Amino acid sequence: MQLKFKPNVGHIDRLIRLFLGAQLLLLAFLFPIAAPITQSLLAILGIWQMVQGLLGYCLVYDLLGYSTLKAALK
């Protein structure tokens, strides 16, 4: 079985994901919140958003058959 990740995230969407991921990481590490589990979840979400932004691929978009890359190319 071979995994093929076809890019489906447009340029503006990628920038938003990178910015949002960075903000979530900053929130998790620089501004301690009461529960450590909350910090961990924020960090995981931040990393996930940044990975999607860097790769240009979103699993949820793929499952729904949606792509912001097509809209950016038109």
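Considering only residues of the range 32-74 that are assigned to a helix (DSSP H, G or I) and among the aromatic types (Phe, Trp, Tyr), which is modelled with the highest pLDDT?
Within the range 32-74, the first condition is being assigned to a helix (DSSP H, G or I), and the residues that meet it are 36-55, 59-64, 68-73.
Next, only the ones that are among the aromatic types (Phe, Trp, Tyr) stay: 48, 61.
Numbers: 48: 97, 61: 91.
Ranking the qualifying residues of the range 32-74, first place goes to 48.
Look through the range 1-31, keep the residues that are polar (S, T, N, Q) and part of a loop (DSSP other than H, G, I, E, B), and return whichever of them is farthest from the chain's Cα centre (by Cα).
Per the stated criteria, the residue is 2.
In the range 1-49, what count of residues is obtained for those that are surrounded by 12 or more Cβ atoms within 10 Å (Cβ to Cβ) and more than 17 Å from residue 69 (Cα to Cα)?
Total meeting the criteria: 22.
Among the residues of the range 14-37, which ones are closer than 23 Å to residue 60 by Cα and of a type in the set (Val, Ile, Thr)? Give the steps one after another, and end with the answer.
Start the filter on the range 14-37 by keeping residues that are closer than 23 Å to residue 60 by Cα, which leaves 14-25.
Listed by number, the list holds a single entry, 16.
Out of the range 22-53, which residues are touching a helix residue (DSSP H, G or I) at 6+ places or on another chain (Cβ under 7 Å) and under 13 Å from residue 7 (Cα atoms)?
52, 53
The values are calculated or read from the model by the stated rules, or taken from the named source; none is laboratory data. Keep in mind the model is a prediction, meaning the values are calculated, not measured. In this analysis, Cβ positions are derived from the backbone assuming ideal geometry, glycine residues included, and neighbour counts consider all displayed protein chains.
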